[in-house]
Amino acid sequence: MEEIKLIVDGKRLDGRAFDELRPIKIEAGVLNRADGSCYLEMGGNKVVAAVYGPREVHPKHLEDPSKAIIRYRYSMAPFSVEERKRPGPDRRSIEISKVSREALEPVIMKELFPRSAIDIFVEVLQADAGSRTACLNAASVALIDAGIPMRGMVTSVAVAKVEGILVLDPMKEEDNYGEADIPFAFLIRNGKIESITLLQMDGRVTKEELKTALEMAKRGAMQIYQLQREAILKKYIKEEEVME
Amino acid sequence: MEVSRKIVLPGDLLSTNPKTAGPNTYVEGNRVYARVLGLLDKTETTVRVIPLKGRYVPSVGDTVIGIVKEVTANGWIVDILSPYVAFLPILENPNMRPNKKPNEVLDIGDAIIAKVMNIDPKMRVTLTMKDKLCRPIRVGRIVVINPTRVPRVIGKKGSMIKLLKSELDVQIIVGQNGLIWINGDRRKVSIAEEAIYIIEQEAHTEGLTDRIAEFVKKRKIEMGLAKPEEVKGEREGKIENQGGEVVPEIPEERLKGDGNGGDKADS
C-alpha cells in the first residue's frame, strides 16, 4: 500500500499542532426520557449518552445488596462507519464497554444505592478515531446531569504515536496508520487530576514516550474538563435567560 | 432573575473544614467536596448541596404517593418512583376488613397516599396507611415532578403550598417522591398543575413564590375565576369574538357565572 505522509511541515493532516485537540461540542440534557443525557462531538465523532437510574435491577439475580451495579453499553450504529457495521454487540464493543465501565466505577458512589442499577448507554452515531474517549466524556456529563453522586468528573483523551512523534487526540488516519494509540481517562476533582481510571495501549512506545504521552493527555484532559463543566452549567444558565 | 446560589458539580471543593460537611457532600483528606450537581448552601456551621436532579430515595416518615403494582396474599407492592419498590402490609391498611380480599380493597393501578414506616438495611421499604393523611386516591389529579424540586413546591415553612391552596381553594398533598395529588374544581386544578410545572422548571431561582402568586392571579382572571363581576362583561364579549379554541372551556364557566349574575339580575 502507498505510504501516507501523516505529518507535513510540523503540522498534522488537518493542520493541528501536535498537542492540539479536535473541535469539541458538548450539550447536556438532550433526551427527555432519560434521567441524564449528553450529546458530544469530538472531531468526527458524534455520540449520544443516556443515563437511567438508579433503578431496580432486572434481571434480579444481578443485584448487589451492598451497592449499586453499573452497566455500561458502548454501541456503534450500523451507519457510524463507512462499511456498514453489523448491529449489536461484538467482541470490540463488549471490551470497550467493560473497560469504560471500570473507568467510571471508582468515581460513582455506588454504595449509596444498594440493590439498584445505574444504566449508561452510549451510542456512536458517527465514528472517527477515539470513539471510546468521546463516549466516556459524554457518559460522564450524562451521569452528572442525572444527578448521580460522584467523586468527580471523568475526562478521557487519547495520545497516538505517528511517524515517531506523539500527537494528542488522534484522528482516523493517525489512528489507522500510526505506530501506537494510547487512550487515557482521568478522574478530575476540583480542577485537579487525581488519578488515572483507564489506560490502554495499542502498539508500542518507550517508557519515556509513555511519560510524555501522559503529560500531553493531562493537558488535553484539562481542556475537555472545562468544556464538560460549561456544558452542564449552560443548561441552568440558559434557563435563566429564557425566563428573563 | 439571579441564581441565588452558586451551582456546583461533583468533585468541587466546598470547604476545608470536615466538621461542616452536610448532605450531598463527602469528605476525603480533610476536605469537603460536592458529590452531586446542585446549588451550594454554605453557612458558617454547615455546607450542603441542594441537588438539582436525581431519583427519590425513601426515608422513614416521608409521605409518598404510589401506584399499586401487585396484590399479594399479605399486602400490596407499591411503585413509588424510586429505585426501590415499597410494600404495604395488610395490617397497615385501615380500610382492610377481615371479610375482604386484598384486591377488593386496593387493586393493581390504584393510587394511594401512604407513609414510609420502615426501611431495612437491605432497602426493603415498608409503607403504612395508618395516618389521617393517608388514603386511597379515587378523585383528583396526580402531577409528577422531579423529587428534588419537591422542597420548592412546599416552600419555606409551606409558604408555596399555602399560597396555592388558599388562592385556588384546592386540596393538595405533596408526596416526597415527586407525585403531587390535587383535588378540587377542575379548572383550578389545572391552574395548580401549571403552577407546579413552573415551580419545577424554575426551582433554582429566587423570588419564585411571588412570581407564582402573580401567575395564579393572572390565570384565574384568564379563566374567569377571579373578579367575576368586573371581568364578566368583557369576557363574554371576548368569547363571541374569539370563537374557536376557548369555547369548549368557557360555556361551563358561563353557566356558573350566570348562576351568580342571574341571581343579581332577578333581585
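Taken per residue, the accessible surface of the protein assembly as shown reaches 49 Å², heavy atoms only and a 1.4 Å probe. Projecting label points 7 angstrom from Cα along Cα→Cβ for residue B:139 and residue A:60 puts them 3.9 nm apart.
Taking the Cα centre of segment B:63-137 as origin and assigning +1 to Lys and Arg Cβ atoms and -1 to Asp and Glu Cβ atoms, the resulting dipole is close to 200 debye. Helix-only arithmetic for the protein assembly as shown: the sum of -39500 (n - 2.57) across DSSP H runs with n ≥ 4, divided by the residue total, places the mean residue ellipticity at 222 nm at -9500 deg cm²/dmol.
Counted over segment B:166-207 with a bin width of 5 Å, the fraction of Cα pairs per bin, in whole percents, is 6, 21, 27, 25, 16, 4. Dipole size of segment B:7-51 about its Cα centre, with +1 on Lys/Arg Cβ and -1 on Asp/Glu Cβ: approximately 60 debye, rounded to the nearest 20.
Ligands, DNA and RNA left out, the accessible area of segment B:63-137 computed with a 1.4 Å probe is 54% carbon and sulfur.
Computed on segment B:141-222, with alpha-carbon pairs under 8 angstrom and 6+ residues apart, the relative contact order is 33 percent.
The residues packed around residue B:42, meaning those with a beta-carbon under 9 Å from its beta-carbon, carry a net charge of +1 if Lys and Arg are +1 and Asp and Glu are -1. Note on A:112-119: average number of Cβ atoms from other chains within 10 Å of each residue's Cβ is 4. Each Cα pair under 8 Å and six or more residues apart adds its separation to the average, and for chain A the resulting relative contact order is 21 percent.
With a 1.4 Å probe rolled over the protein heavy atoms of all chains, the accessible area of A:186, A:113, B:87 falls in the order B:87, A:113, A:186, largest first.
With the charge dipole of segment B:141-222 set up from +1 on Lys and Arg Cβ and -1 on Asp and Glu Cβ about the Cα centre, the Cα lying farthest toward the positive end among the listed residues B:203, B:215, B:161 is that of B:161. Values of log10 I(q)/I(0) for segment A:10-243 across q = 0.12, 0.13 Å⁻¹ run -0.65, -0.76, by the Debye formula with one identical scatterer at each alpha carbon and no solvent.
In this structure residue A:206 has an accessible area near 70 Å², from a 1.4 Å probe over the protein heavy atoms. When accessible surface is computed with a 1.4 Å probe, chains B and A are found to bury approximately 3000 Å² between them, both chains counted.
Looking at the protein assembly as shown, the pairs of alpha carbons with a distance over 44 Å make up 30% of the total. Mean per-residue shielding of peptide A:191-198 is 1, counting Cβ atoms of other chains within 10 Å of each Cβ.
Counting heavy atoms of the protein chains alone, residue B:137 has an accessible area of about 20 Å² for a 1.4 Å probe.
Charge dipole of the protein assembly as shown (Cα centre as origin; +1 on each Lys and Arg Cβ, -1 on each Asp and Glu Cβ, all else neutral): 1760 debye, rounded to the nearest 20. Distance from the C-alpha centroid of segment B:79-117 to that of segment B:49-73: 14 Å, rounded to the whole angstrom.
Scattering from segment B:60-118 was approximated by placing one identical point on each alpha carbon and applying the Debye formula without solvent; log10 I(q)/I(0) at 0.13, 0.14, 0.25 1/Å stands at -0.29, -0.33, -1.05. Residue order by solvent-accessible surface for A:94, B:191 is A:94, B:191, largest first, with ligands and nucleic acids left out and a 1.4 Å probe. Structural descriptor for segment B:7-51: relative contact order 42 percent, calculated from alpha carbon pairs under 8 angstrom and at least 6 residues apart. In whole percents, the pair-distance distribution calculated for segment B:122-171 from its alpha-carbon pairs, binned every 10 Å from zero, is 18, 37, 39, 6, 0. Note on A:143-156: average number of Cβ atoms from other chains within 10 Å of each residue's Cβ is 5. Near residue A:51, once Lys and Arg are set to +1 and Asp and Glu to -1 for all other residues with Cβ below 15 Å from its Cβ, the sum equals +3. Here the accessible area of segment A:10-243 is 52 percent carbon and sulfur, with a 1.4 angstrom probe and all protein chains present. Sorting B:176-185, A:130-139 by average packing, meaning the other beta carbons within 10 Å per residue, from highest down gives A:130-139, B:176-185. Once the Cα atoms are used to define both axes, helix A:91-104 deviates from the longest principal axis of chain A by about 70 degrees.
The values are calculated or read from the model by the stated rules, or taken from the named source; none is laboratory data. All values derive from a computational prediction rather than experimental measurement. Neighbour counts are summed over all protein chains in view; Cβ atoms, including those assigned to glycine, are modelled from backbone coordinates with ideal geometry. Note: areas computed on protein heavy atoms with side chains; ligands, DNA, RNA excluded. Shrake-Rupley method; radii C 1.70, N 1.55, O 1.52, S 1.80 Å.
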